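Each reported figure results from applying straightforward, stated rules to the coordinates on display, with no laboratory input. This one's a predicted model, so the numbers in the text were calculated from it and none came from an experiment. Glycine also receives a Cβ, built like all others from the backbone with ideal geometry; neighbour counts cover every protein chain displayed.
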Amino acid sequence: MFDSLRSRREAEERVRKEGRLPPGQALTNKFPVLHYGPVPDFNPATWDFRVWGEVEEPVTWSWAEFNKLPRTKVVMDIHCVTRWSKFDTEWEGVSLRTLIDEGLITLKPAARFVIQHAEFGFTTNLPLEVVLQDNFLMATHFNGEPLTPDHGYPLRGVIGYIPGREDLETPYFWKGAKWLRGLEFTSEDRPGFWERAGYHNHADVWKEERTAY
């Protein structure tokens, strides 16, 4: 136990010296499970993913169709508002920026924000320019394995910090919705579940924007 604790502290000190540990955060080697409500069932025959709002043409993909979309992998540090941070995590999935670049989604000029819609009516919001960054992914896999149900299987939004990419905004991890079912593009911002409950709307990890108060 003591060797494990010493190893964790040494790793935490290393990422702190590298400038990768945001203020108020602590390194974890685990992957804590945090969410509100139950874990939904998944039926690949009926599951679909919708894109609508300020787009030229709404899109709906089945699970089989979604898995044929262009895929990418990103290695990121993830930072939870509850003060844990997990480093060098690998995610695989679909990049929204790629879908737009390849013409699979065409935005209207009025699109400025993206609302992630998940199971049970859960939503979270981000500016368009943030979800088009390299550190936002609609992920199906974590560290080479399909997501577990507790961590958002079959699909979740993921936002994190790519080491060395100080040009990218990094919100707290809740800004990627588990059990993601669709993206709504809007002209005006619309706070989601946790934002309406008092969490910070912008949620920058480096500025410790945890709550709105």
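Sort out for me the helices (runs of 4 or more DSSP H) sitting completely within the range 29-134 that have 1 or more residues that are more than 17 Å from the chain's Cα centre (by Cα) and in contact (Cβ under 8 Å) with a residue 12 or more places away in the chain. Before you say what the answer is, go through the steps one by one.
Working: elements: 63-66, 96-101, 128-131.
The helices (runs of 4 or more DSSP H) meeting that bar are 63-66, 96-101.
Can you tell which of A110, A118, A64, A45 is under 29 Å from N29 (Cα atoms) and either in contact with a His (Cβ under 8 Å, 6 or more places away or on another chain) or of a type in the set (G, A, S) (or both)? Outline the logic, then answer.
Details: A110 fails: under 29 Å from N29 (Cα atoms); A64 fails: under 29 Å from N29 (Cα atoms); A45 fails: under 29 Å from N29 (Cα atoms).
Checking each option against the conditions leaves just A118.
So how many residues does the range 159-197 have that are closer than 25 Å to P40 by Cα, assigned to a loop (DSSP other than H, G, I, E, B) and either within 15 Å of the chain's Cα centre (by Cα) or not hydrophobic (A, V, I, L, M, F, W, C) (or both)?
9
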